[in-house]
1. I'm trying to understand the selection: among the residues of the stretch B:343-367, which are within 17 Å of B:D308 (Cβ to Cβ) and in contact with a Phe, Trp or Tyr (Cβ under 8 Å, 6 or more places away or on another chain)?
2. Taking A:I297 as meeting all but one of (1) more than 7 Å from chain B (Cβ to nearest Cβ); (2) in contact (Cβ under 8 Å) with a residue 24 or more places away in the chain; (3) closer than 26 Å to A:N339 by Cβ; (4) among the aliphatic types (A, V, I, L, M), write down the number of the exception.
3. Scan the stretch B:299-313 residue by residue and report those that are surrounded by fewer than 24 Cβ atoms within 10 Å (Cβ to Cβ), in contact with a strand residue (DSSP E or B) (Cβ under 8 Å, 6 or more places away or on another chain) and free of Cβ contacts under 8 Å to residues at least 40 places away in the same chain.
4. Quick check: is even one residue across the stretch B:267-283 part of a strand (DSSP E or B) and either more than 9 Å from every other protein chain (Cβ to nearest Cβ) or surrounded by fewer than 19 Cβ atoms within 10 Å (Cβ to Cβ) (or both)?
5. Grab the helices (runs of 4 or more DSSP H) fully contained in the stretch B:1-113, keeping just those with 1 or more residues being within 14 Å of another protein chain (Cβ to nearest Cβ), surrounded by 23 or more Cβ atoms within 10 Å (Cβ to Cβ) and not hydrophobic (A, V, I, L, M, F, W, C).
6. Does the stretch A:253-262 contain any residue that is without any contact (Cβ under 8 Å) to a residue 12 or more places away in the chain, over 23 Å from A:A21 (Cβ atoms) and part of a loop (DSSP other than H, G, I, E, B)?
7. Tally time: how many residues in the stretch A:326-380 are among the hydroxyl-bearing types (S, T, Y) and modelled with pLDDT of 95 or more?
8. I'd like to know if the stretch B:238-256 contains one or more residues that are in contact with an Asp or Glu (Cβ under 8 Å, 6 or more places away or on another chain) and not assigned by TED's automatic domain parsing to the domain that holds B:L64.
Amino acid sequence: MRKKECIAMLLAGGQGSRLGALTRKTAKPVVAFGGKYRIIDFSLSNCVHSNIDTVGVLTQYKPLVLNAYLANGSAWDLDSPDGGMHILPPFETEVGGEWYKGTADAIYHNIDFIEQYDPTHVLILSGDHIYKMDYNEMLQFHIEKEAAMTVAVIDVDIKDAHRFGIMSVDDNMQVVKFSEKPKNPDSTLASMGIYIFRWDVLKKVLLEDHDDPNSSKDFGKDVIPRLISQEQRVFAHRFDGYWQDVGTIESYYEAQMNLLEAEPAFNLFDDDMRVFSNSNVFPPHYIGKNATVERSIICNGSTILGIVKNSIVGTDVSVGEGALVEESILLPGAVVEENARVIRAIVGEEAVIEKNACFCGGNKDHKIALIGDKEHFVSA
Amino acid sequence: MKDIMGIICTNYNDDDLNQLTEDRALASLPFGGRYRLVDFPLSNMKNSDIRTVGIIMPYMYRSLMDHLGGGKEWNQYRKVGGFFFLPGSIYGLKTARSKFLLRDFISNRPFVTRGSGDLIVISGSNKIFNIDYRSIAREHEASGADVTLIYKRSYIPADSGELFLDINDFGRVSNIMHEPDGDACCFLDTLIINREMLLNYLNWYEALTYLDLMDTIAETLSTVKVFAYEFDGYAGSINSLKTYMNCSIDLLDENVRDELFIPERQISTKAQDSAPAKYLPHAHVRNSIISSGCIIDGDVEDCIIFRDVIIERGASIKNSVIMAHTVIGENVCLENVISDKYVHIQPGVKLFGSCDNPITIEKRSNI
């Protein structure tokens, strides 16, 4: 195998339990976003645009839909003969089999996979953020600083800082202190969960961490503090673009509603760093004779016969005659039957809002209505 | 069932489409918002589990090659079988109407002799329909036919350039004509032929290379068993600007879409990964097909809009086909227009064609 400068390991095994019904049947990275995309598309597309051609995808929670979606990686040009995308589920060894117990443990169990490529650096990603980033810039920074490890950070509002892992840095951007969700943050640089390690450093620290019975085997909680305590060269690389964690229903909803702005914070239409997806082969969408579509995003394969306003309509969705969809997200394959009303709601994949039903969330400060994949909602 | 392989002929004379085929073959003419004409025969072959497809290439093949690539989308990127690109020849005067030039088959005879299929589906690339060749192949075998021609019963004007079949009571073809005779059985430029019989034709007519394969079949109807198979779904045929416009507008009919875009037999095409279409606050779209990547803030009615088209506020587009990457400025009015790719229409421009005579706008023009 040819030696690689940098390979990526993408953590895609988490449940994303705060997304409720949306992750009842699938893992969070494969939840639909922005109509035609799935959350993992953003990280995978970033890899290919950053010329990273070897990606290990670590799976664990309900991986079937994710596996089928990733297939051989060709949708992201990751079906390379030397490298490419590899799905890495937990496996059994001569001493028995175990689940991945944490993010660091998942990488620990795949040390042999990484060694096959003999990389100089390893990029650790998570498959649940919305952003476009050239990892090469971060890698160049990491190399220039001769860092053992580099963490991507983003400036957050001081009042939100308690929700993140916060990095305190010196003038040279070297991390002097890391605090996970601090009550009284002394910096606004939040970790984005994107790390580049020198492979020899990572391997050593993973082995140490594995042998530590008090460790929870997590990068944020255990590995980074361990490196800082060892006075290793840990640096923070500042990212200025859009980055959004969509871990809750509210942030998932708001991030998509923002796409409807005339100049959205996150621009899907920007041609450089186009986001790739394993797109289907549906025909273009059809807008009916009596339909109205305003300030919305509509995907291929959909048929709109009713009214759609301020909404995101995924692939292969049907909105019947007389139906009204407002301020809502219809995931791929959803059906809104004739004269039904869907307001401030998220309708799961292939879910059906039956004729004349009213599936509505509350106004701005109230909850967003949510129905899971393949469920039916009937008129009361 | 015997193994089937496919041959798609894309080497056509396409002068009747004016600028639309100036720098592309008819087979790669954009159609239906995201497709090219060749997607239909190719998808039919994919959906019929045909794993070896020879494509007789046109003289101008840049655009077609760009679209076909390695054939991944049609399941033809394979170790065994897959795409075979077969060079086509330059047209002569005598062959202006030809679709299956005999000399293109003769010069590519090794593809036919070496292929694994005992049956060969030969298809043109200007007809739009969704069909499963396997059921026809079963009938072909059961009937003991050498050749089965696929046709559709429909009204087609006399000077259409189509071929018409006379069929006897036993389903056998008794005549192949250039003019319809009463109840028109229009040949869909698609046939199934036993490989041995195709090789026979290539041997018998080796010296008459200006002929079309259909001429040779017509000459041998009394000795070769040529049967007909009626297709009853939607079939569109494109050989002029008017028929291109008509077939495009046909897609606005729900029944046509249902017969063309069948979930179990999807039409595959090269994926472009455009963003979804975005409708702005002043968008007003009725009875139209809109593709991904469009940004719409104007009025659109009875139109086919391809990928990545921008329609600005106050623009009004009716009964038109707007191809990919077109920018339509504010307050532009278009009616009965076919606009090729990468066109830029400046604010306030007004263009009105008629149904029978749509205005075409050349690729990359700025108006």
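1. B:K363, B:R364
2. In the conditions (1) more than 7 Å from chain B (Cβ to nearest Cβ); (2) in contact (Cβ under 8 Å) with a residue 24 or more places away in the chain; (3) closer than 26 Å to A:N339 by Cβ; (4) among the aliphatic types (A, V, I, L, M), A:I297 misses (1) alone.
3. The answer is B:D299, B:E301, B:I310, B:E312.
4. Going through the stretch B:267-283, the residues part of a strand (DSSP E or B) turn out to be B:277-279.
In the following step, the residues that additionally are either more than 9 Å from every other protein chain (Cβ to nearest Cβ) or surrounded by fewer than 19 Cβ atoms within 10 Å (Cβ to Cβ) (or both) were identified as none.
No - not one qualifying residue is present in the stretch B:267-283.
5. On the way: elements: B:39-47, B:62-68, B:102-107.
Answer list for the stretch B:1-113: B:39-47.
6. Filtering the stretch A:253-262 for residues without any contact (Cβ under 8 Å) to a residue 12 or more places away in the chain gives A:254, A:258, A:261-262.
Next, only the ones that are over 23 Å from A:A21 (Cβ atoms) stay: A:261-262.
When the remaining residues are screened for being part of a loop (DSSP other than H, G, I, E, B), the result is A:261-262.
Yes: the stretch A:253-262 contains one or more residues that are without any contact (Cβ under 8 Å) to a residue 12 or more places away in the chain, over 23 Å from A:A21 (Cβ atoms) and part of a loop (DSSP other than H, G, I, E, B).
7. Of the residues in the stretch A:326-380, the ones among the hydroxyl-bearing types (S, T, Y) are A:328, A:379.
Then keep just the ones that are modelled with pLDDT of 95 or more; that gives A:328.
Of the residues in that region, 1 qualify.
8. Taking the stretch B:238-256 first, the residues in contact with an Asp or Glu (Cβ under 8 Å, 6 or more places away or on another chain) are B:239-242, B:249, B:252, B:256.
Next, from what is left, pick out any that are not assigned by TED's automatic domain parsing to the domain that holds B:L64: none.
No, the stretch B:238-256 has no match at all.
The values are calculated or read from the model by the stated rules, or taken from the named source; none is laboratory data. Just so you know, these numbers come straight off a predicted model, no measurement behind them. Cβ atoms come from the backbone with ideal geometry, glycine included; neighbour counts cover every protein chain shown.
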